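Just below is one structure, and these are the notes that go with it.
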Amino acid sequence: MKSRTKHIIKAILMSLVACAITLASCKTETTIIVPSGDTPTSFSQVVDAITPSVVFIYAQGTLSSNTGSGVIMHEDGYILTNRHVVEDAQTVEVTLQDRRIFTATDFWMDDLADLAVVKITASNLPEAADFADYTEIKVGDWAVAVGHPIGLSPTEGGATVTAGIISNLERSFTIGNTEYFDVIQTDAAINPGNSGGPLVNLDGDVIGINSAISTEAQNIGYAINVATAERVFDDLIDVDHQVIRPFIGVRLDEVTPQQAMELSLAKTAGALVAEVVAGSPAEDAGILVNDVIIALEGIDPVKVEVEITSVSQLLRELWLYQAYDTVKITVWRNQSEASINLTLAERP
């Protein structure tokens, strides 16, 4: 019995030694996934490209004052910023990076998004920044924020630069009476005073306008997506200085997992119609409460069909159209799809 036990132990030891030899002789190959594009060793070229067009804004009201940032987006002195930076102002001063100071000749605000345009009259302005193509913005891309946090103007050392990545593109929320429905979430540090400054890509093109920070978590900041910001800017610098948005006439909610199950949706996605406004294009076209909007397509003008996954995405896609354009809306109703053609109106 003892002899048999010894043989068993010896066999086990020899097996372990053989395994060890085999493992030692094997070459372990590790696959490293590298982000697409070159990883920058410095953001200095981005900073050099965008910083001259970034401005410091001092807004003086009757009872209080406010500071923020902005970015020159047109050679004639039109500056894009946040509405909350200037909305209570009687006078607005703009300081360029070369420390020249100008009093704004006028400013105009959007009544929905947290965006405004400030106009200065000046010669030898820095080159205006460019808007990025919103369709090329991806989660995980680098993002660089430039602005004047905590009231530090160019006369106190110039703009502040922070960098991070795009963390999310589908957030929506409300702060006070302002809806943030088309925002870029980033971990690039954004602080009070950064409001109105640009969030840019590695080409130095504006992908968003820094607007809000989370008070509940660290390293979470928000910028209004260029998809919305560019459209609002173009409207505000137009002769009427008024943002005209297309209007369907529905109140929308996000689809919850419970609702997705009850409505037999394949996934928790889309925009749920919670209310239809009387006399609206939606009512005229036959959209019903509890319809789930799952796709949007342009009929006149023709635009490719886009799958709708959230309320914020629907609004972002809708704002690419003009009032009186005709669209095809695909809804999920009674466990099947239905297509509805609808002519957009002007938002009241």
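The values are calculated or read from the model by the stated rules, or taken from the named source; none is laboratory data. The structure displayed is predicted, hence computed values, not measured ones. So basically every Cβ, Gly included, is an ideal-geometry build from the backbone, and we count neighbours across all protein chains shown.
Within region 125-150, the set of residues being modelled with pLDDT under 95 and either within 28 Å of residue 98 (Cβ to Cβ) or of a type in the set (A, V, I, L, M) (or both) comprises 149, 150.
In region 197-219, what count of residues is obtained for those that are buried (at least 17 other Cβ atoms within 10 Å of the Cβ) and modelled with pLDDT under 90? Residues meeting the conditions: 2.
Can we say residue 234 is under 30 Å from residue 206 (Cβ atoms), in contact with a Leu (Cβ under 9 Å, 6 or more places away or on another chain) and at pLDDT 95 or above? No: the conditions fail for residue 234. Scanning region 51-75 for residues that are touching a residue at least 40 places away in the same chain (Cβ under 8 Å), farther than 21 Å from residue 208 by Cβ and not in a strand (DSSP E or B) yields a single hit, 75. Listed here are the strands (runs of 3 or more DSSP E) enclosed by region 93-196 that have at least 1 residues being free of Cβ contacts under 8 Å to residues at least 12 places away in the same chain and surrounded by fewer than 22 Cβ atoms within 10 Å (Cβ to Cβ): 101-103, 160-175.
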